[in-house]
1. Take Thr83 and decide whether it is in contact (Cβ under 8 Å) with a residue 40 or more places away in the chain, touching a Ser or Thr at 6+ places or on another chain (Cβ under 8 Å) and of a type in the set (Ser, Thr, Tyr).
2. Please enumerate the residues belonging to the range 47-73 that are surrounded by 21 or more Cβ atoms within 10 Å (Cβ to Cβ) and either assigned to a loop (DSSP other than H, G, I, E, B) or among the hydroxyl-bearing types (Ser, Thr, Tyr) (or both).
3. When the residues of the range 183-200 are narrowed to those that are assigned to a loop (DSSP other than H, G, I, E, B) and under 19 Å from Gly22 (Cβ atoms), which ends up nearest to the chain's Cα centre (by Cα)?
4. So, of the residues in the range 257-282 that are part of a helix (DSSP H, G or I) and open to solvent by 20 Å² or more (accessible area, probe 1.4 Å), which turns out to be farthest from Glu161 (Cα to Cα)?
5. Filter the range 85-106 down to the residues that are assigned to a strand (DSSP E or B), surrounded by fewer than 20 Cβ atoms within 10 Å (Cβ to Cβ) and not polar (S, T, N, Q) and list them by number.
6. Please identify the pairs in which a residue from the range 49-68 that is touching a residue at least 60 places away in the same chain (Cβ under 8 Å) has its Cβ atom under 6 Å from the Cβ atom of a residue that is of a type in the set (S, T, N, Q) and part of a loop (DSSP other than H, G, I, E, B), counting only partners at least 6 apart or on another chain.
7. Would you pick out the residues in the range 125-141 that are under 26 Å from Phe92 (Cα atoms), of a type outside the set (D, E, K, R) and not in a strand (DSSP E or B)?
8. Can you pull out the residues in the range 211-239 that are among the acidic types (Asp, Glu) and over 23 Å from the mean Cα position of the chain (by Cα)?
Amino acid sequence: MKRQELSGARQVLRQVETVIQGKREVVRKVFLAMLAGGHILIEDVPGTGKTTLALAFSRALSLEFGRIQFTPDVLPSDVTGFTMYQQQTGKFVFKRGAAFCNLLLADEINRASPKTQSALLEVMEEGQITVDGVSHPLPQPHIVIATQNPAGSGGTHPLPESQMDRFLMRISIGYPDMDSEIEMLRQRRTAAPLEVVEPVLDAGGLLALRQAVTQVEIHPSIYRYTVKLAAATRDHPDIAVGVSPRGTLALTRVAQAVAMAAGRSFVLPDDVDLCFLDVCAHRVSLQPRAAAQGKTAEQVLQGVLQEVPTPAVAAAQ
């Protein structure tokens with residue numbers, strides 16, 4: 001990766017961290033997902049900064065921002081758009097939905113009906129929207145940051161496995177520590193939080209960073225390692241549904257982004273290990289017995305990491 005590109009990436013992180021105090025690792029993970037060309041699911045209680053995080057990234061990256069607050073009455077056409085007859089011209093005209101932007105915040109996505117949730121499937125997978133048989137390309141880059149309330153919250157509909165699989169990573173922000181929360185209060189006493197975020201890259205710059213990620217080398221032993229990890233989840237007695245092939249693709253892409261962010265041109269096993277839980281935990285379903293015992297997907301996958309042998313890859317390739 002060129003020194004200039006690496007410098008730009010670090011500047012983006014610094015800008016976002018000015019408003020998201022004490023959550024450096026969270027900010028880093030979100031940006032890694034963006035560099036890897038994927039979408040992010042943030043699962044947390046209200047008020048932890050999910051919306052501010054998305055807005056800060058859109059500003060630092062000079063991306064067109066869109067937001068849709070999901071509620072039970074939101075329709076698929078609110079997301080995708082619709083065609084309507086224009087009497088003056090005698091033609092049908094396409095009216096764009098909320099998804100037509102660079103960075104879409106899908107807030108409380110699990111409060112929408114399953115039909116509305118499914119409207120995002122084509123958006124997230126193919127970067128386009130098809131309405132009445134006509135495909136409309138979305139602006140590039142196109143990133144979905146979706147938030148959802150913890151499972152079991154009132155008025156929520158669980159996301160189907162097919163949609164969960166389309167999120168590159170699932171993370172949680174959590175509450176800030178005491179010092180960070182005090183600093184947040186001081187900062188926002190006199191200014192709006194996003195006023196301090198300055199644009200340092202644009203859409204073209206982010207696309208260039210993504211291209212640089214694809215150039216990071218992956219040793220054959222790393223490919224084998226990721227597939228072994230996925231296979232171990234499929235055969236695990238505590239897991240009903242293991243990591244899909246889409247999951248192994250996601251794991252290698254994020255590992256490349258981790259390596260690039262570290263200034264390396266090649267992936268190490270540690271890069272895979274570092275992102276394994278965030279990339280794969282939401283893609284597996286536990287056996288009812290394991291869930292009844294209080295086990296979590298993260299705990300089971302941590303065991304998988306310990307069981308699968310780590311390949312010996314030279315520090316330089």
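1. Values: in contact (Cβ under 8 Å) with a residue 40 or more places away in the chain: yes; touching a Ser or Thr at 6+ places or on another chain (Cβ under 8 Å): no; of a type in the set (Ser, Thr, Tyr): yes.
No: the conditions fail for Thr83.
2. Residues satisfying the conditions are Gly49, Ser58, Leu61, Leu63, Phe70.
3. Going residue by residue through the range 183-200, those that are assigned to a loop (DSSP other than H, G, I, E, B) are 188-192, 197-200.
Applying the additional criterion that residues be under 19 Å from Gly22 (Cβ atoms) yields 188-189, 191, 197.
Details: Arg188: 27, Arg189: 31, Ala191: 29, Val197: 21 Å.
Of everything passing the filter in the range 183-200, Val197 is nearest to the chain's Cα centre (by Cα).
4. Step one: filter the range 257-282 for residues part of a helix (DSSP H, G or I), giving 257-261, 269-282.
This time we only want the ones that are open to solvent by 20 Å² or more (accessible area, probe 1.4 Å), so: 261, 270, 273-274, 277-278.
Numbers: Ala261: 30, Asp270: 28, Asp273: 23, Leu274: 23, Leu277: 17, Asp278: 16 Å.
The extreme case among them is Ala261.
5. Tyr85, Lys91, Phe92, Val93, Phe94, Lys95, Arg96
6. Listed by first residue and then by second, the contacts come to Leu63/Asn102; Glu64/Asn102.
7. If we filter the range 125-141 for residues that are under 26 Å from Phe92 (Cα atoms), which is where we start, we get 126-140.
Cutting the leftovers down to of a type outside the set (D, E, K, R) gives us 127-131, 133-140.
Matches in the range 125-141: Gly127, Gly133, Leu138, Pro139, Gln140.
8. Scanning the range 211-239 gives Asp235, Asp238.
The values are calculated or read from the model by the stated rules, or taken from the named source; none is laboratory data. Bear in mind the structure is a predicted one, so any value in this text is a computation, not a measurement. Quick reminder, even Gly has a Cβ in these numbers, built from the backbone with ideal geometry, and neighbours come from all protein chains shown. Surface accessibility is based on the protein's heavy atoms, side chains included, excluding ligands, DNA and RNA. Shrake-Rupley method; radii C 1.70, N 1.55, O 1.52, S 1.80 Å.
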